[in-house]
Amino acid sequence: AKVAGKNCHRFYSRAMDQAVERRVRMEQDLRGAWERGELSLAYQPVYSLNDNQLRGAEALLRWQHPEHGAIAPSVFIDVAEQSGLIETIGPQVLRAACEDTMRWQQAHPKSNKLFVSVNVSPRQLRSGDLPRVVATTLKETGLEAERLHLELTETAVIGDEIHASGLLSRLRASGVKIWLDDFGTGFSGLSHLRRVPVDGVKIDRSFIADVLRDPDDLALTTAIIAMAHSLGITVVAEGVEKEGQFDILRERGCDLAQGYWLGYPMNAHEFAQLLA
Ligand code: C2E
Ligand code: CA
Ligand code: CA
Ligand code: CA
C-alpha cells in the first residue's frame, strides 16, 4: 500500500507539472497572437423581444492556434487573465470591435444605432486604466459612446465595490453602457444592483436552459426581470436555444435575447451580411 501511495503521489505531481507546463506554453503562444493574426472576433446578434429587431452584437474572442486549432475562450481567456496578457489583448479587442461597428455603419447607414458589447475581465477593471482606454478608443474610432456596451461579471465587481462603482460611474458619465454578465450565478446579485451602477443585466444561460422545465428557474428569471425593471435596468436573456424559451421570455417581459436559436457567433463579414 505504501508503494502504491508513493507511485500515486508521483503520478499526481507529474500530472500537475504537465498542467503547469501546458499553461506556460499557452501563455507563450498567446503572446503576440493578435499581431500574428491568430486572434479574431466573432459577433453574436442580440434581438429585441418585443419587435424581433436586431439591436446589436456581442463581440466574442476566438483563437485559432497554428498547431492546435481553435482553442476555447474559457481556457485561453483564463490564461490571459492570470498572466496579465489580458491587459494587452483587452484593449485590442475593444478597438477591433469599435472599428468593425463603424465599418458596418459605413456599409449600411441604417445600422447606425446598433450597439456592440465587449467583455471586460476583472483584471482590466482592477487596473484602473479602463476609462482612459475606452475614451481614447472611442475618440480614435469615432464610435458614439452610447453604442459601446461593456460586459462585466459579478465577480469583477464584488470584493471591491467602492473602486468598481467609481470606475463604472465615470464610464457611464461618458455615455458608455454597463452590463452585468452571467447574472444570477453570484447569489449576491440582487443586493449589488442597488450599489453598483449598471444599465443592464444578462441572465445567465444556466437559468434559460431550464426555463421551460424547471419552475424554479422560471420563477427566478421572472423575478430578475421584474426587479431589474423596477430599478430601470434592461434585461438580456442569453443562451436562447429554442423557440419556446424565446416565447416565454417575451411573455415575461424580458427586453432582449441572444442565443443559438436567434444566431450563432459569426465573423464581422457575415454579420455585415445580416444587415444587408
Ligand atoms: P460569455 O460572455 O457568457 O459569452 C457567451 C458565451 O455563450 C459564448 O461562449 C457564446 O458563444 C455562448 N453562447 C451563445 N449562445 C449560446 C446558446 O444558445 N447556447 C450555448 N450553450 N452557448 C451559447 P464563448 O464564445 O465560448 O465565450 C466564453 C466566455 O469567454 C464568454 O462568456 C466570456 O466570459 C469569455 N470571453 C469571450 N470573449 C472575450 C473577450 O474578448 N474578453 C474577455 N475578457 N472575455 C471573453
Ligand atoms: Ca458576455
Ligand atoms: Ca454570459
Ligand atoms: Ca435548474
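The values are calculated or read from the model by the stated rules, or taken from the named source; none is laboratory data. Fair warning: this is a prediction, and the values are worked out from it, not measured in the lab. Backbone-built Cβ (ideal geometry, glycine too); neighbour counts: all protein chains shown. Note: areas computed on protein heavy atoms with side chains; ligands, DNA, RNA excluded. Shrake-Rupley method; radii C 1.70, N 1.55, O 1.52, S 1.80 Å.
Here G263 meets each of (1) touching a Pro at 6+ places or on another chain (Cβ under 9 Å); (2) open to solvent by 20 Å² or more (accessible area, probe 1.4 Å) with one exception, condition (2). Out of all the residues in the range 137-147, is one or more open to solvent by less than 20 Å² (accessible area, probe 1.4 Å) and in contact with a strand residue (DSSP E or B) (Cβ under 6 Å, 6 or more places away or on another chain)? Yes. Consider D78 carefully, then state whether it is out of contact with any strand residue (DSSP E or B) (no Cβ under 6 Å at 6 or more places or on another chain) and within 21 Å of W261 (Cα to Cα). Here the answer is no, as D78 does not meet what is asked. Can you tell me which residue within the range 149-166, out of those that are within 12 Å of ligand 1 (Cβ to nearest atom) and open to solvent by 20 Å² or more (accessible area, probe 1.4 Å), is nearest to L60 (Cα to Cα)? My answer is T153. Annotation note: Cβ proximity below 7 Å between a residue of the range 205-227 that is within 9 Å of ligand 4 (Cβ to nearest atom) and a residue that is part of a helix (DSSP H, G or I) and open to solvent by 60 Å² or more (accessible area, probe 1.4 Å) (sequence gap 6+ or interchain) occurs for F207/L220.
Inside the range 209-231, residues that are within 18 Å of R55 (Cβ to Cβ) and either within 16 Å of ligand 2 (Cβ to nearest atom) or open to solvent by 60 Å² or more (accessible area, probe 1.4 Å) (or both) make up a count of 1. Of the strands (runs of 3 or more DSSP E) lying entirely inside the range 25-121, the ones with 3 or more residues being surrounded by fewer than 20 Cβ atoms within 10 Å (Cβ to Cβ) are found at 39-48, 54-65, 69-71.
T234 satisfies every condition listed in (1) polar (S, T, N, Q); (2) within 18 Å of the chain's Cα centre (by Cα); (3) surrounded by 14 or more Cβ atoms within 10 Å (Cβ to Cβ); (4) within 16 Å of ligand 1 (Cβ to nearest atom) except (4). Tell me which residues, restricted to the range 167-185, are within 16 Å of ligand 4 (Cβ to nearest atom) and either among the small types (G, A, S) or surrounded by 17 or more Cβ atoms within 10 Å (Cβ to Cβ) (or both). Passing the criteria: D182, F183, G184. All of T137, T141, T88 fail the test of being in contact with a Leu (Cβ under 6 Å, 6 or more places away or on another chain) and farther than 22 Å from E238 by Cβ, apart from T137.
Which of the residues spanning the range 204-228 are closer than 24 Å to I162 by Cα and either more than 16 Å from ligand 3 (Cβ to nearest atom) or β-branched (V, I, T) (or both)? Listed by number, the residues that qualify are I224, M227. Taking the conditions exactly as written (in a loop (DSSP other than H, G, I, E, B) and under 17 Å from Y47 (Cβ atoms)), does G259 satisfy them or not? Here the answer is yes, as G259 does meet what is asked. Among the criteria (1) part of a loop (DSSP other than H, G, I, E, B); (2) open to solvent by 50 Å² or more (accessible area, probe 1.4 Å), the one R250 does not fulfil is (1).
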